[in-house]
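Below is one structure, written out as structure tokens, with a few remarks after it.
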Amino acid sequence: MSDTAAAPTSEFLNRILCERRTVHDFAARSVPQALIDSALETVRWAPNHHRTEPWHIYLLGPVAQQAIAELNSKKVLESRGERAAEIKLARWLAMPGWLVMTCDRSDDELREREDYAACCCAAQNFMLSLWGNGVGVKWTTGEVVRSTAFSEVVGFNRATESVVGLFWYGWPAQVNEQHRRPLADFLKFVD
Ligand SMILES: Cc1cc2nc3c(=O)[nH]c(=O)nc-3n(C[C@H](O)[C@H](O)[C@H](O)COP(=O)(O)O)c2cc1C
């Protein structure tokens, strides 16, 4: 890449990096599959020590979506009652796009840690690619995604794969503001 060509691209990239926000509320309109496909392409180019390529992607259709929304609603019913469970069920069923990423487990603690790190980079690639096209994502790791019932619905083996997240994607109905500590709070120059 030449220096002259890099300037406007890197400015655009920095804006995507800093302005990407977790989206909690989506419009009902679905995202064209071509945008999802091109975001998925970026997943496999995430940095990855030893190129273990530890990620697995599951795109969920309506049957799995319904089953997971009901699993979650059942958990909410137990902890917060019927009204809260109904609200949650309706909210989850309104999520337009559903993707699950899992990561290979390993007996080697360092490898497992580095593989999870690579999966997080892959997840960020996916989110940033979509955000660059105006599509938002919510990464969620709530209790239900760690249950055996969840792995059975999605169809992966919990003994060999761990959940990185459930990712909802769609056109944002609203984008919330966010704040971060200033760089000076955590930046140190070391001689
Ligand atoms: C590993 C991981 C798990 C997350 N799980 C949840 C979650 O379960 N529920 C949720 O509302 N947000 C979840 N988030 C999104 C964060 O809450 C969000 O990134 C944070 O509030 C900062 O907002 P921003 O993404 O708009 O900068 C998760 C993010 C990461 C990286």
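Points worth noting:
- Scope the range 42-59; condition out of contact with any Ser or Thr (no Cβ under 8 Å at 6 or more places or on another chain) and part of a helix (DSSP H, G or I); matching residues: V43, H49, H50, R51
- Residues that are assigned to a strand (DSSP E or B) and more than 13 Å from C103 (Cβ to Cβ) within the range 161-191 comprise L166, F167, W168, Y169, G170, P172, A173, Q174, listed in sequence order.
- Residue within the range 95-102 that is under 25 Å from S73 (Cα atoms), more than 14 Å from the ligand (Cβ to nearest atom), loosely packed, with under 14 Cβ neighbours inside 10 Å and in contact (Cβ under 8 Å) with a residue 24 or more places away in the chain present: no
- Qualifying positions in the range 127-160 - under 12 Å from V100 (Cβ atoms) and touching a residue at least 60 places away in the same chain (Cβ under 8 Å): W139, V144, F150, V153, V154, G155, F156
- Within the range 136-182, the residues that satisfy the criterion of being of a type in the set (S, T, Y) and away from the ligand (no atom under 16 Å from the Cβ) are T148, S151, T160.
- Being away from the ligand (no atom under 16 Å from the Cβ) and surrounded by 11 or more Cβ atoms within 10 Å (Cβ to Cβ) is a property that E41 has.
- Failed condition for A123, given (1) among the hydrophobic types (A, V, I, L, M, F, W, C); (2) out of contact with any Gly (no Cβ under 8 Å at 6 or more places or on another chain); (3) part of a helix (DSSP H, G or I); (4) buried (at least 18 other Cβ atoms within 10 Å of the Cβ): (2)
- Applying the criterion of being at pLDDT below 95 and among the polar types (S, T, N, Q) to the residues of the range 4-32, the residue that is surrounded by the most Cβ atoms within 10 Å (Cβ to Cβ) is S30.
- Members of the range 126-135 that are surrounded by fewer than 20 Cβ atoms within 10 Å (Cβ to Cβ) and more than 13 Å from the ligand (Cβ to nearest atom): G132, N133, G134
- Taken over the range 29-38, the criterion of being in contact with a strand residue (DSSP E or B) (Cβ under 8 Å, 6 or more places away or on another chain) and aliphatic (A, V, I, L, M) is satisfied by V31, I36.
- Listed by first and then second residue, the pairs with beta-carbon distance under 6 Å, at least 6 apart or on different chains, first residue in the range 161-185 and over 22 Å from S129 (Cα atoms) and at pLDDT below 95, second within 12 Å of the ligand (Cβ to nearest atom) and not in a loop (DSSP other than H, G, I, E, B), form an empty list.
- Failed item, numbered, when K88 is tested on (1) surrounded by fewer than 16 Cβ atoms within 10 Å (Cβ to Cβ); (2) part of a helix (DSSP H, G or I); (3) basic (K, R): (1)
- The lone criterion from (1) within 10 Å of the ligand (Cβ to nearest atom); (2) closer than 27 Å to S10 by Cα left unmet by D185 is number (1).
- Within the range 109-123, residues that are of a type in the set (K, R) reach partners that are within 16 Å of the ligand (Cβ to nearest atom) and outside any helix (DSSP H, G or I) with beta carbons closer than 9 Å, at six or more positions or on different chains, in the pairs R111/P54.
The values are calculated or read from the model by the stated rules, or taken from the named source; none is laboratory data. Quick caveat, the model's predicted, so the values are computed rather than measured. Counting neighbours? That spans all protein chains shown, and the Cβs are built from the backbone with ideal geometry, glycine included.
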